[in-house]
Amino acid sequence: VVTHHKIIFIEELKNLQNLKSLFLFNNQIKNLEGIETLKNLEQLYVQCNQIESIRSIEKLINLKEVYVNQNRLLSLEGLTEQHSDKLTNFFCKPNDLLKQKEIIRVERELGILCR
């Protein structure tokens, strides 16, 4: 848990491969580069940052909870059908730059409810 610390980069976390929960909300994180190796990650709380993309979570199929609301997301690329089995809490609203049609696409094509 590292919140409210004006963190910008998280690449140093890539070696923490047994990590199950990551709380980095209310920082200044611009991207999620570095978490793609955290295959055991189940909880990701990165709301209230400056994140533009969640592509780095593509292979993190053990995620159960993801909070990416109040960022600068343009799309939800990175979510796959493999996420739909375990991902029960996905919070992406509000994200002012995220179009409603992208949210609808994820809900219809992947079966992931966007809250």
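The values are calculated or read from the model by the stated rules, or taken from the named source; none is laboratory data. These numbers come from a predicted model, not from an experiment. As a convention, Cβ positions derive from the backbone with ideal geometry for all residues, glycine included, and neighbour counts pool all protein chains shown. Note: areas computed on protein heavy atoms with side chains; ligands, DNA, RNA excluded. Shrake-Rupley method; radii C 1.70, N 1.55, O 1.52, S 1.80 Å.
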Mind telling me which of the residues 89, 69 ends up being touching a Pro at 6+ places or on another chain (Cβ under 8 Å) and under 27 Å from residue 18 (Cα atoms)? 69
Restricting the search to the range 74-115, which residues are open to solvent by 40 Å² or more (accessible area, probe 1.4 Å) and among the aromatic types (Phe, Trp, Tyr)? 91
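Residue-by-condition table, conditions (1) among the aromatic types (Phe, Trp, Tyr); (2) under 16 Å from residue 114 (Cα atoms); (3) modelled with pLDDT under 95; (4) touching an Asp or Glu at 6+ places or on another chain (Cβ under 8 Å):
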{"residue": "23", "(1), (2), (3), (4)": "yes, no, no, no"}
{"residue": "42", "(1), (2), (3), (4)": "no, no, no, yes"}
{"residue": "66", "(1), (2), (3), (4)": "no, yes, no, no"}
{"residue": "69", "(1), (2), (3), (4)": "no, yes, no, no"}
{"residue": "75", "(1), (2), (3), (4)": "no, yes, no, yes"}
{"residue": "84", "(1), (2), (3), (4)": "no, yes, no, no"}
Does residue 46 fit the bill of being in contact with a strand residue (DSSP E or B) (Cβ under 7 Å, 6 or more places away or on another chain) and either closer than 17 Å to residue 28 by Cα or of a type in the set (Ser, Thr, Tyr) (or both)? yes
Could you go through the range 41-53 and let me know if any residue there is farther than 19 Å from residue 5 by Cβ and open to solvent by less than 10 Å² (accessible area, probe 1.4 Å). yes
Options 62, 71; residue that is surrounded by 15 or more Cβ atoms within 10 Å (Cβ to Cβ) and over 16 Å from residue 43 (Cα atoms): 71
Regarding the range 15-22, can at least one residue be identified that is farther than 16 Å from residue 91 by Cβ, open to solvent by less than 30 Å² (accessible area, probe 1.4 Å) and more than 13 Å from the chain's Cα centre (by Cα)? no
List pairs: first residue in the range 89-115 and closer than 25 Å to residue 42 by Cβ and of a type in the set (D, E, K, R), second residue open to solvent by less than 60 Å² (accessible area, probe 1.4 Å) and not in a loop (DSSP other than H, G, I, E, B) anywhere in the structure, Cβ distance under 7 angstrom, at least six positions apart or on different chains. 93/114; 107/114; 115/90; 115/91
Taking the range 97-115 only, how many residues are within 16 Å of the chain's Cα centre (by Cα) and in a loop (DSSP other than H, G, I, E, B)? 5
